[in-house]
Structure formats: C-alpha cells, structure tokens
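Take a look at the structure set out below.
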Amino acid sequence: MPAPQCASCHAARAALRRPRSGQALCGACFCTAFEAEVLHTVLAGRLLPPGAVVAVGASGGKDSTVLAHVLRELTPRLGVSLRLVAVDEGIGGYRDAALAAGGGRRRAGTSRSPSWPTQTSSGAGRWTPTAGTGRSRACCTFCGVLRRRALEEGARLVGATHIVTGHNADDMAETVLMNFLRGDAGRLARGGGLGSRGEGGALPRCRPLQLASQKEVVLYAHFRRLDYFSEECVYAPEAFRGHARHLLKLLEAARPAQQQLGRAGLGPLTPPDQSFYLEIRNSGHLDTFWIGLPPNPSSVRSSPSPQ
Amino acid sequence: MCQVGEDYGDPAPEGPPPPRPGHELKCVKCKEGLPVVVIRAGDAFCRDCFRAFYIHKFRAVLGKNRLIFPGEKVLLAWSGGPSSSSMVWQVLEGLGRDSAKRLRFVPGVVYVDEGAACGQSWKDRARTLADVKLILQTVGFPWHTVALEEVFALPPSVLRCSAQEPVGTMGNYKVAVDSFLQQEHMLGAEGVGGSPNSTQGEEQLGQPCTQDPQHPAGPPPADQTEALSRLFDSVKTLTAKEELLQTLRTHLILHVARTHGYSKVMTGDSCTRLAIKLMTSLALGRGAFLAWDTGFSDERHGDVVVVRPMREHTLKEVAFYNRLFAVPSVFTPAIDTKAPEKASIHRLMEGFLLRLQAQFPSTVSTVYRTSEKLVKAPRDGCAAGPRCLLCMCLLDVDTADSATAFGAQTQDCSQMRPPTPPAEAPTVPCCSTEVGRVQNCFRGTKPCGREDSRARVIEQLCYSCRVNMKDVPSLDPLPPYILAEAQLRSQRYGLAPRLGECWRGPSRRWPPWGKVPRVWLPPRASPEIQEYLVESSDDDVHTGGSGAWGPPEQEGKDGQAACD
C-alpha cells in the first residue's frame with residue numbers, strides 16, 4: 001500500500017501517525033505542530049511572561065530533554081531566557097549517568113547550540129531515602145517533595161523567576177487518578193491548573209508539556225534525534241503511582257487516547273482565572289477543584305457553599 | 001499506604017495472618033453475641049448488632065441529608081439486584097408501624113425491563129417479569145413496570161429541567177417541610193394531603209400501572225423492540241452502550257416519576273458501586289460532574305431529585321444482609337454480564353478497583369470519602385448556562401478555549417469522517433470536519449442533511465456525551481424525543497458562534513517565525529513509538545548512535561507500523 005502523504009505539507013512522505021488524531025505527518029511537520037502546541041499552551045495560559053528567566057528542571061530524561069529543546073526553539077518567540085537546573089536525589093544508580101553527562105551539553109542535540117548555565121543542586125546533601133526514616137517503602141512520597149525543594153533552591157541560585165518541569169499529559173492523568181485513589185483532596189485541589197502561581201514565596205511553576213501525550217514526546221525526541229537517559233529509580237516498583245500507571249495503560253488499551261480523556265475529565269483546561277467545577281474552600285487557588293474541607297481559620301471563603 | 005494522613009505503619013508483617021474470629025471471639029459491639037460476619041477490616045458483628053448497624057446507617061444517611069419531606073411521594077428505582085432490593089426492603093421495614101422513628105414518606109416502586117437491550121427473548125423477559133411481580137406484590141407498594149422500549153414514546157419534555165428552588169439547608173428544613181405540606185394541602189393531592197398515617201404502603205395493593213394501558217401484560221410493540229435492538233446493535237463499543245443504556249433508563253424513570261407525581265427518586269447505588277462509578281466517570285471525561293453523579297442528591301433534573309440512600313453500605317454488607325435476612329431479589333442479566341474485563345471502561349475500572357481493594361482494604365472507602373468532599377456549585381453564576389442534551393449537566397465544552405490539545409480533541413470528537421483534503425476549504429485548512437461543513441452549509445454553499453442533524457445534536461452535548469456519541473455511527477436510531485429536542489433547541493438558540501473558531505493546525509503557513517529546521521531521522525526508534533511510525537526503510541542509513549536510549553520506560557506494544 002503506498003505510503004500516505006503528509007497531511008499538512010503534502011510534499012513529503014508521511015513518517016508517522018499522531019497518536020491522538022491518527023493524522024499522518026512527516027517528521028518536520030510533526031515537530032512543528034508539537035512546538036506550536038506547546039507555544040499555544042504557554043501563551044494562552046500566560047505561563048511565561050516576556051523577560052522571565054526560566055529554570056528548566058532538567059533530569060536528563062525524555063520529558064525534560066524535550067522540554068529544554070522545545071523551549072530553546074521557542075525562546076525568540078517568547079522572549080525568555082533559559083537556565084538548566086538538575087537535581088541529585090542521592091538515590092544510587094538513578095541520575096548518576098545523566099548528571100555526569102555534563103548537565104546540558106549532551107542534551108543540546110546538535111552541536112551548534114551553546115551550553116547553558118547549569119546548576120546541579122542536591123536535595124539536603126546526599127541523602128538516601130532509608131537513612132532518616134528507617135523505612136524504605138514510603139520514600140516515593142517525600143522524594144518528590146524534596147526534589148521540588150531542591151529545584152527551587154537551584155532556580156534561585158541561577159536567578160530564575162519561573163520554574164518549568166516536563167510533566168506530560170500521561171503524568172497528569174496518573175496524578176489525578178492516584179490522588180483520587182489515595183483520597184488526597186488537597187493535592188486534587190491544587191493540581192488542577194496548568195501550574196502553580198507560587199504560594200508562600202515560592203517561584204511560579206508551570207508545565208508547558210502538560211497537554212502533550214507521552215508518546216508524542218517520545219516521537220518528538222525521536223525525530224529531533226535527542227539523547228536522553230531512561231534509567232528507572234530502584235524504588236519505582238513500590239510506588240503507588242505504578243497502580244495508576246497500570247490503570248491508565250489498561251484504559252488506553254480499552255479506548256485509545258485515554259490519557260487525554262482522563263485529563264479532560266476534570267473539565268476544560270482553561271486559563272487559571274476560569275474554573276473547573278471543583279474548588280477547595282480554604283485555598284486561595286480558585287481555579288481547581290471544589291472540595292468542601294473544614295474551613296481554615298486563616299482564609300475562609302466568604303460565600304458559603306451548599307453542602 | 002494509600003490514604004493521605006494515614007500513619008505509615010511498619011512494613012506488612014510477614015508472619016501468619018491474624019486468626020479468624022472463632023467461637024472464642026465476641027461481637028465487637030455488644031460483646032456477648034456470637035459473631036456471624038466481619039465488616040470493614042476485622043470488626044466482627046453478631047446478627048442483631050449487624051442488623052442494627054445496617055438499619056442505622058440507612059436512617060442516618062436519610063436523616064443527615066434531610067431532603068425527604070414527610071408525606072412526600074418517593075419512587076424507588078428497583079433493578080432486582082441486591083442493593084436496590086435491600087433498599088426497598090429497608091424502606092418497607094422503615095415504614096412499618098412498629099419500627100422506632102418510622103419513615104414518613106409515600107413510596108412507589110418502578111422496575112425497568114431492559115431485556116431488549118441485552119438481547120433477551122420475550123419468553124425470558126416474561127419469566128423475569130413474573131418473578132418481579134411476585135416480589136412487588138409481596139412488598140405491597142404501588143408499583144410500575146416499564147419496558148425500556150417505551151423510550152420511543154417519551155415526549156421531548158423529559159429533557160427539559162424545570163426551574164426549581166434549591167432545597168434549603170439544614171436550617172431551612174422546617175421551613176421547607178412546612179411549605180411542602182402547605183403546597184400539598186392546597187393541591188389536595190390524593191394520598192398525601194391530610195395525615196400521612198393514611199398512606200401506609202401495605203394498605204395499597206399493588207395495581208399494575210404500566211405505561212402503556214393498551215398492553216397491560218403482553219410484550220411491548222414489536223417495532224419498538226426492534227428499534228431498540230437496532231439502536232443498541234449499532235453502537236460500536238460496550239462502554240458507549242452502557243452509557244446510553246444508563247441515560248435512557250434515567251430518562252424513563254424520570255418520566256414515570258413526573259407522570260405519577262413523584263418528586264424524589266431513590267436509587268440503590270452502594271458505596272462500592274459509587275466508588276467504581278466515580279473512577280469510571282473520571283475516565284469517561286465526566287470529571288466536572290462527579291458531584292452530581294456520585295453525591296447523595298442529584299438535582300439536575302429540576303423538579304425530580306435523585307437520592308442515593310445506600311451510598312454508605314458496601315456491597316459486602318449488602319450481600320450479607322440480604323443473605324442473613326432473606327431479602328428477595330431477582331437476577332436479571334445486564335448488558336455487560338459475562339463480558340471480559342477489557343470489554344468496557346466500566347468493567348475495567350470495576351476489576352481494577354476490586355483488585356486494589358484486595359491489596360489495600362481502604363481503597364473503596366477512600367474513594368467514596370473523596371466523592372463526599374466534592375461540592376457542587378460551579379463558580380460565579382455559571383449555573384444558568386446551557387445544559388447537555390442527554391445528561392443535563394452544564395455544558396463544559398468551550399471550543400475556543402486556551403488549551404490547544406483539548407480543542408483539537410474536541411474537534412476530533414465532532415469529526416465523523418476522515419478529514420477531507422484542505423483544498424476544499426482553503427482558508428481554514430484544518431476545519432474539514434463536520435463543524436466546518438456545517439458552517440459552509442449555513443452560508444448556503446453546500447447541501448447537507450444528515451451531517452447537519454448530527455452536528456446539531458453533537459454540539460448540544462457535554463464532552464463525555466460527545467465522546468460516547470463518537471461510537472454511535474448514526475444518530476437516526478436514537479429515540480425521537482432526543483432528536484426532536486435537539487432540533488427545538490438549535491432552532492431556539494441557533495448554532496453556537498464559537499464553533500467557527502478552531503485550532504489551526506499545521507499548514508503551509510507554519511511556522512510563523514522562520515523556516516522549518518531540517519531534521520534527520522535518527523537511526524533507531526524505541527519500540528513504544530514503532531506503531532506510530534509509518535515506514536522506517538530510510539532510517540537504516542545512519543548507523544551507530546549515542547546508545548543512550550536505555551530500556552523503554554513502559555512496555556511498548558510490539559509494533560507493526562500502523563498503516564491503516
């Protein structure tokens with residue numbers, strides 16, 4: 001059967017089909033479309049204002065590699081400057097190769113891009129998850145929290161005003177499912193928008209790749225010939241996220257493009273000043289879930305919600 | 001481990017499992033009876049304490065929420081299954097004269113015969129109906145049996161929600177009750193006005209009040225049965241079938257309630273079922289409506305409120321209660337009986353949640369508690385917006401929204417055929433979908449018929465209903481009331497002007513800031529994306545590589561390139 005033509009430029013032969021829509025595209029058009037979508041997300045969500053200094057959480061994995069590359073392509077359009085920050089959690093065998101690769105030079109993809117100012121910050125020195133607590137089973141929960149803290153510190157050291165991370169749509173869908181399964185109403189309430197506005201003096205964070213599915217991220221890396229590292233953390237099999245991931249895979253098999261549905265299941269992804277229909281009563285973020293928790297004495301909504 | 005706030009205990013003990021409650025253990029409540037059932041994570045109850053616990057839960061749910069007024073007519077939606085049978089039995093016992101603090105509303109029972117949608121023959125259905133009638137006569141409430149085929153005779157008014165003042169909160173309950181009683185008194189409604197004492201359920205013998213008086217006991221009209229079978233056979237996936245069945249059933253019960261003057265409908269969703277329903281709704285794109293789908297009360301239909309009094313009972317408790325106290329129920333095969341686990345999202349989620357529950361025993365209750373925390377009101381007066389045609393929730397789809405991917409997904413959902421080449425619509429290259437065609441039609445350039453009516457229906461649906469309709473290739477077999485209401489609404493409100501905007505995907509005009517950089521195809525692709533690559537014959541030119549691919553992070557499907 002003759003190979004289909006690219007649906008957008010009609011000049012080149014199609015090299016792939018987009019996972020979400022099944023559209024046949026050539027490599028160049030797909031990469032362009034991907035970048036355009038990320039740009040649209042950033043612009044429409046007003047995530048990175050012009051003049052911002054953006055710290056990219058660069059772990060060396062596929063998401064952060066693609067993120068760094070895409071943002072590099074988009075910097076002239078957005079008017080921002082980039083810094084790379086890598087975090088060393090101290091878990092043996094996890095980030096060693098990525099960090100040893102020099103923080104940013106190998107991830108440039110092609111030789112013509114300069115190496116960026118990079119910063120490696122360690123979360124509280126070289127800690128191991130079992131050291132402080134004596135329990136190795138639940139370390140996944142606070143690993144993420146400490147990593148964010150380290151990212152924040154690293155970002156401040158390079159003088160950044162915003163932090164971006166490479167979470168994709170699959171990650172967000174897994175997070176939502178996981179939070180429902182764990183009953184984590186607080187995280188559900190906070191995690192709805194396209195990023196956090198930075199509460200308590202923290203730097204604003206956002207996730208430009210939030211609407212791109214994981215498969216598209218890998219395809220982008222493939223077509224742009226980006227190198228990345230994909231070692232799995234040794235504690236990953238014990239993490240609860242594994243259940244959510246497994247569920248998402250099952251759902252995807254039952255109905256393709258499921259992670260988009262899972263994500264969109266929270267309502268339309270609108271700019272932060274419009275709403276989902278769920279909101280936490282005592283939080284300042286009115287762009288996420290409505291959840292009736294007991295009011296926090298420090299900040300209480302004035303209008304009572306029907307119970 | 002899986003519940004927030006739960007103290008992280010020590011790692012699970014590797015020793016022998018804790019001893020089962022034997023004859024040396026006593027009921028945890030009364031400390032003297034012999035335990036017969038273990039509830040939750042090890043609470044052993046004796047028979048009487050279990051019964052008291054069960055009944056107390058039922059009353060507590062009704063009492064806590066205070067939505068049912070004394071003397072109100074309440075329709076019990078009975079499917080024959082264990083949960084709804086238990087609910088009917090609880091209501092029966094609760095209305096008994098000798099029960100403490102007896103319930104004070106006027107119940108009726110409705111049974112929907114869905115055999116045609118499940119492909120059953122009329123003989124099997126008649127047999128089931130006979131069992132059903134036997135039980136209903138024992139129960140003694142006024143009952144109605146309706147066949148699902150009667151959706152074809154529903155009026156379009158079913159889909160309109162009448163404006164209703166919101167039920168008052170705790171403080172206003174007395175006021176609400178007073179005004180309700182006044183209303184009933186003025187209307188002089190039979191069986192409700194005056195003293196509630198005169199409307200004991202047992203005194204009214206069950207009169208068969210079927211919807212169609214011409215066919216009291218025989219099969220429904222053959223053309224309706226055939227139309228229903230045709231509708232369900234045309235739906236491609238089991239998920240969409242289940243959702244459609246649920247929608248039609250809801251509309252039918254609503255109609256019965258409205259016709260016979262019931263203002264509340266009680267459904268027998270148990271805690272387990274609601275937890276599964278919550279997760280399924282998430283996966284189906286109904287995240288914005290979780291509070292209505294899984295909360296105690298569901299007022300989106302306006303005058304008829306759906307309540308779920310069994311929502312605190314787990315399936316295990318229901319099953320044990322039914323067995324210990326001989327609650328009659330009827331088994332009817334459903335549309336997904338004996339379906340494999342991957343057949344539909346509902347089955348998948350059920351299997352997943354029950355397996356997780358086996359590993360983490362608090363899963364179901366955790367998910368249920370989260371559903372309790374969901375608050376309904378949308379922000380800032382969005383309550384007056386247009387409603388979905390089928391599920392009557394506020395429309396949550398905004399095609400002009402910021403998120404490109406979501407907009408593209410929505411557009412794909414309304415796409416019914418593969419996109420025509422952009423040459424047909426040169427100004428808007430990506431708009432070669434139904435929407436674009438409809439827009440063109442309105443400019444009078446192209447004839448349209450079927451696509452127009454389909455687009456008309458689709459645009460009035462919420463996101464999840466649209467996704468379900470994607471699996472319904474043609475909207476003609478749908479019952480006429482849906483199509484009629486869609487027509488009426490579109491004539492009244494016109495097509496939404498926002499449909500003209502859509503995401504402009506890659507076209508010859510991209511990228512706006514410069515030319516497309518040249519891209520080399522890398523030598524090897526990881527297995528997980530193989531299926532999306534069209535052909536890889538030219539990729540073998542380049543050799544070597546940085547070798548840093550590593551093991552794929554997820555098991556990719558072994559690929560044939562998807563060339564269809």
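The values are calculated or read from the model by the stated rules, or taken from the named source; none is laboratory data. All values reported here derive from a predicted model rather than from experimental measurement. Every residue, glycine among them, receives a Cβ derived from its backbone with ideal geometry; neighbour counts consider all protein chains shown.
The one condition from (1) within 8 Å of another protein chain (Cβ to nearest Cβ); (2) at pLDDT below 85 that residue A:189 does not meet is (1). Against the condition at negative phi, more than 8 Å from every other protein chain (Cβ to nearest Cβ), outside any strand (DSSP E or B) and not aliphatic (A, V, I, L, M), how does residue A:49 come out, does it pass? Criteria met by residue A:49. Taken over the stretch A:215-248, the criterion of being crowded, with 19+ Cβ neighbours inside 10 Å and at the interface with chain B (Cβ under 7 Å from one of its Cβ atoms) is satisfied by A:215, A:218, A:219, A:222, A:223, A:224, A:227, A:228, A:229, A:243, A:247. All of A:59, A:21 fail the test of being outside any helix (DSSP H, G or I) and surrounded by 23 or more Cβ atoms within 10 Å (Cβ to Cβ), apart from A:59.
This table checks each residue for (1) surrounded by 18 or more Cβ atoms within 10 Å (Cβ to Cβ); (2) out of contact with any Phe, Trp or Tyr (no Cβ under 7 Å at 6 or more places or on another chain); (3) modelled with pLDDT under 70.
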residue	(1), (2), (3)
A:139	yes, no, no
A:145	no, yes, no
A:154	yes, yes, no
A:157	no, yes, no
A:164	yes, yes, no
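Against the conditions (1) modelled with pLDDT of 65 or more; (2) of a type outside the set (Val, Ile, Thr); (3) more than 19 Å from residue B:235 (Cβ to Cβ), residue B:462 satisfies every one except (3).
Residue A:44: within 14 Å of chain B (Cβ to nearest Cβ), of a type outside the set (Ser, Thr, Tyr) and without any contact (Cβ under 8 Å) to a residue 60 or more places away in the chain, yes or no? So residue A:44 fails the test. When the stretch B:124-144 is examined, which residues are found to be closer than 19 Å to residue B:262 by Cα and either in contact with a Lys or Arg (Cβ under 6 Å, 6 or more places away or on another chain) or surrounded by fewer than 20 Cβ atoms within 10 Å (Cβ to Cβ) (or both)? Across the stretch B:124-144, the qualifying residue is only B:140. If the condition is being under 10 Å from residue B:534 (Cβ atoms), in contact with a strand residue (DSSP E or B) (Cβ under 6 Å, 6 or more places away or on another chain), within 8 Å of chain B (Cβ to nearest Cβ) and modelled with pLDDT of 80 or more, then the stretch A:1-24 contributes A:14, A:16, A:17, A:24. Among the residues of the stretch A:153-182, those that are in contact (Cβ under 8 Å) with a residue 24 or more places away in the chain, in a helix (DSSP H, G or I) and touching a helix residue (DSSP H, G or I) at 6+ places or on another chain (Cβ under 9 Å) comprise A:169, A:170, A:171, A:172, A:173, A:174, A:175, A:176, A:177, A:178, A:181, A:182. Mind checking which residues of the stretch A:175-186 are within 11 Å of another protein chain (Cβ to nearest Cβ) and crowded, with 18+ Cβ neighbours inside 10 Å? Result: A:176, A:177, A:178, A:179, A:180, A:181, A:182, A:183, A:184, A:185.
Condition first: modelled with pLDDT under 90, polar (S, T, N, Q) and surrounded by 13 or more Cβ atoms within 10 Å (Cβ to Cβ). Can you find one or more residues in the stretch B:83-91 that meet it? Checked against the condition, which is being modelled with pLDDT under 90, polar (S, T, N, Q) and surrounded by 13 or more Cβ atoms within 10 Å (Cβ to Cβ), the stretch B:83-91 yields no hits at all. Going by the structure shown, is residue A:212 within 8 Å of another protein chain (Cβ to nearest Cβ) and surrounded by 22 or more Cβ atoms within 10 Å (Cβ to Cβ)? Spelling it out, residue A:212 is indeed within 8 Å of another protein chain (Cβ to nearest Cβ) and surrounded by 22 or more Cβ atoms within 10 Å (Cβ to Cβ). Look at the stretch B:336-365: where a residue is within 11 Å of another protein chain (Cβ to nearest Cβ) and in a helix (DSSP H, G or I) and a partner is hydroxyl-bearing (Ser, Thr, Tyr) and surrounded by 14 or more Cβ atoms within 10 Å (Cβ to Cβ), sitting 6+ places away or on another chain with Cβ atoms under 6 Å, you get B:345/B:239; B:345/B:280; B:346/B:280; B:349/B:280; B:356/B:363; B:357/B:363; B:364/B:272.
Filtering B:369, B:323 for residues that are surrounded by fewer than 17 Cβ atoms within 10 Å (Cβ to Cβ), more than 9 Å from every other protein chain (Cβ to nearest Cβ) and either assigned to a helix (DSSP H, G or I) or under 20 Å from the mean Cα position of the chain (by Cα) (or both) leaves a single hit, B:323.
The one condition from (1) farther than 12 Å from residue A:63 by Cβ; (2) touching a helix residue (DSSP H, G or I) at 6+ places or on another chain (Cβ under 6 Å); (3) not in a loop (DSSP other than H, G, I, E, B) that residue A:189 does not meet is (2).
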